[in-house]
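S.K.: Questions regarding the structure given below will be posed in turn.
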Amino acid sequence: MKKLVLIGGGGHCKSVIDTVKRLNLYDEVVITDSGLPADSELLGIRVMGGDEMLDELKKTGFHEAFITVGSIGNMEARQALYHKASELGFVFPNIIDPSAYVSEYAALEKGIFVGKAAVVNAGAHIGEMAIINTGAIVEHESVIGKYSHIAVGAVLCGGVLIGNYSLVGAGATIIQGVNVGSHSLVGAGSTVLCDVGNDQVVK
């Protein structure tokens, strides 16, 4: 039996659940989230309790986990959960919505979410634990750093580089060849025409 633990039960988790159900790859799916009552349900998926349940779940046949805490302003929280689950021996699949297009010539590391109608084109490289959200476009030869989040409807033209732990906001456009550093924020609706350094905010 294939079993999956979703770690975090907020809004991003709902998007992932919807995709997981559409994929129909798992025999059992559960959630851990200390902010939700144990034995409650989220979109029909049972909440087992907080993250203290991960060790017990691993011992009962759950081998795959996915971080479903959203990353807006919270990249470090996702990383901490990833390390905790990794130390317990969980492995992290990529979850790609059936409506998304991911080129066979793109490279994806582990634990990545690609949402509905998103595009990851040929030659793109997506780092571990990144989120490519609904309707986002990552064009050819673009590189997305680990734990970064390309938000709803953002467009990255060819050869764009996004550093680690960065957020490209909803509807933003980054033109071809532009580099955005690590721990940076590109605000929703922005058009970025030149390079952005580390720890910068562009609005």
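S.K.: Given H placed 1.01 Å from N in the peptide plane, which residues other than close sequence neighbours of Thr173 have an amide H under 5 Å from its amide H?
M.R.: Amide H neighbours of Thr173: Val155, Ser190, Thr191, Val192.
S.K.: Still on this model: Tell me the angle of helix 11-23 to the major Cα principal axis of the chain, expressed in degrees between 0 and 90 and rounded to the nearest ten.
M.R.: 80 degrees
S.K.: Hey, can you rank 181-191, 3-13, 135-145, 30-40 by average C-beta count inside 10 Å, highest first?
M.R.: Result, highest mean first: 135-145, 3-13, 181-191, 30-40.
S.K.: Given only helices, namely DSSP H runs of n ≥ 4 each adding -39500 (n - 2.57), what is the per-residue ellipticity at 222 nm of the chain, to the nearest 500 deg cm²/dmol?
M.R.: Computed ellipticity for the chain at 222 nm equals -4500 deg cm²/dmol.
S.K.: For the range 184-194, in order, what is each residue's ³J(HN,Hα) by Karplus, 6.51 cos²θ - 1.76 cosθ + 1.60 with θ = phi - 60°, in whole Hz (x at glycine and Pro)?
M.R.: My calculation for the range 184-194 gives 10, 10, 9, x, 4, x, 5, 10, 9, 10, 9 Hz in order.
S.K.: Under 5 Å between amide hydrogens, which residues at least 5 positions from His125 or on another chain qualify, with H placed 1.01 Å from N in the peptide plane?
M.R.: Amide H neighbours of His125, under 5 Å, 5+ apart: Ala107, Ser142, Val143, Ile144.
S.K.: Can you tell me the orientation of helix 75-87 relative to the chain, as the angle in degrees between its alpha-carbon axis and the longest Cα principal axis, to the nearest 10?
M.R.: 40 degrees
S.K.: Let me ask something additional. Can you list the residues, at least 5 places off or on another chain, whose amide H is less than 5 Å from the amide H of Val29, using H built in the peptide plane?
M.R.: Excluding prolines and chain starts, which carry no amide H, the hits are Leu4.
S.K.: For the range 129-138, just list the computed ³J(HN,Hα) in residue order, Karplus coefficients 6.51, -1.76 and 1.60, θ = phi - 60°, integers in Hz, with x standing in for Gly and Pro.
M.R.: Karplus-based 3J(HN,Hα) across the range 129-138 equals 6, 6, 10, 10, 7, 3, x, 6, 10, 10 Hz.
S.K.: What list of ³J(HN,Hα) couplings, whole Hz, do you get for the range 39-48 from phi and the Karplus terms 6.51, -1.76, 1.60, once you set θ to phi - 60° and write x for glycine and proline?
M.R.: Running phi through 6.51 cos²θ - 1.76 cosθ + 1.60 with θ = phi - 60° gives 6, 7, 10, 10, 6, x, 9, 6, 8, 8 Hz.
Read the figures in this text as sums done on the coordinates, not as results from a lab. It should be emphasised that the depicted structure is a prediction, and the values quoted were computed from it without experimental measurement. Cβ atoms come from the backbone with ideal geometry, glycine included; neighbour counts cover every protein chain shown.
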